[in-house]
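Read the structure below first, then the notes.
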Amino acid sequence: MVAKKKRLIIIDDHPLFREGIKTILSRKSEYEVVGEAGTGRGGLQMIKDLKPDLVLLDLSLPDIRGLELISDILKYSVGTGILIVSMHSKIDYIVKSFQYGAMGYIVKESASDTLLMAMEHVINGEYYMDTSVSQKVVKKLATLPAKKSISLKPGYESLTPREQEVMAMLAEGMNAVQIAEKLCISPKTAENHRYNIMRKLDLHSTIELVRYAAKIGLIDIDLWKE
């Protein structure tokens with residue numbers, strides 16, 4: 001009997017990188033790419049419809065933050081393994097990815113060497129990390145208090161999904177007009193979301209919002225520019 005192929009979806013906003021991934025996967029007949037997307041929303045819809053065995057996910061997407069997308073994927077497709085393939089090698093990104101539910105994490109610069117091995121581990125329900133970062137991650141995890149979870153602050157959890165989305169964009173330096181264009185809403189609606197976010201979180205300036213977002217891991221403060 002011919003073994004059933006493992007079905008994959010690739011979510012990455014760089015078409016050339018997706019093509020490179022597919023070239024690597026072409027070496028292995030047991031894998032089948034059943035979908036690819038350049039946005040989080042597009043990828044999530046495919047996952048809802050196709051329930052793949054594995055998702056190769058980039059954390060930096062134009063519409064949804066990768067960490068939140070991990071939770072959404074597992075909500076709609078419980079049995080799907082998630083392998084992060086990211087340009088980020090910052091330890092906090094990696095640790096939070098596993099805490100949110102990813103099973104593997106590799107950096108893009110080493111993907112050509114480690115992708116297939118990482119996929120095999122995740123498909124088999126095993127954790128996998130790039131050897132270049134694994135020791136650093138273990139040291140980071142060792143410093144966390146026992147039984148500490150990453151449950152977000154009550155204030156943040158009180159935000160609606162759209163408000164959380166707007167907050168991430170505000171924290172990245174976008175203004176109401178830019179947010180409105182990206183979300184296809186009016187600038188007034190975007191400004192109303194901003195007002196509600198600041199009120200619910202008891203924040204009084206953009207700087208306070210950015211610090212709050214960095215503190216809960218919503219953004220990487222090193223990547224934010226005024």
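The values are calculated or read from the model by the stated rules, or taken from the named source; none is laboratory data. All values derive from a computational prediction rather than experimental measurement. Virtual Cβ from ideal backbone geometry, glycine too; neighbours counted across all protein chains shown. Just so you know, the surface numbers come from the protein's heavy atoms only, side chains and all, with ligands and any DNA or RNA stripped out. Shrake-Rupley method; radii C 1.70, N 1.55, O 1.52, S 1.80 Å.
With Cα atoms defining each centre, the range 184-200 and the range 1-39 are spaced 38 Å apart in the structure. Solvent exposure of the range 1-97, expressed per residue, is 47 Å² of accessible area, with all protein chains present and a 1.4 angstrom probe. Loop-located GluC sites (Glu not before Pro) across the range 27-94 with a Cβ neighbour count of 14 or fewer within 10 Å are E30, with loop assigned by DSSP. Taking a virtual spin label 7 Å from the Cα of R162 along the C-beta vector, which residues in the range 53-81 bring their backbone nitrogen under 17 Å of it? Backbone N within reach: 64. The label-point distance for Y195 and A3, in a model that sets each label 7 Å from Cα toward Cβ, rounds to 5.9 nm. Percent of accessible area on the range 23-123 owned by carbon and sulfur, 1.4 Å probe? Answer for the range 23-123: carbon and sulfur cover 51 percent of the accessible area. Evaluating 6.51 cos²θ - 1.76 cosθ + 1.60 at θ = phi - 60° for every residue in the range 97-103, the Karplus couplings come out as 4, 5, 5, 6, x, 5, 9 Hz, glycine and proline recorded as x. The E109 and K188 beta-carbon pair, evaluated with R₀ = 30 Å, returns a calculated FRET efficiency of approximately 0.10. Give, to the nearest whole percent, the P(r) tail of the range 1-117 beyond 24 angstrom, counting all Cα pairs. The proportion of pairs with Cα distances above 24 Å equals 17 percent. For the residues H121, H204, H14, a 1.4 Å probe over the protein chains yields an accessible-area ranking, largest first, of H204, H14, H121.
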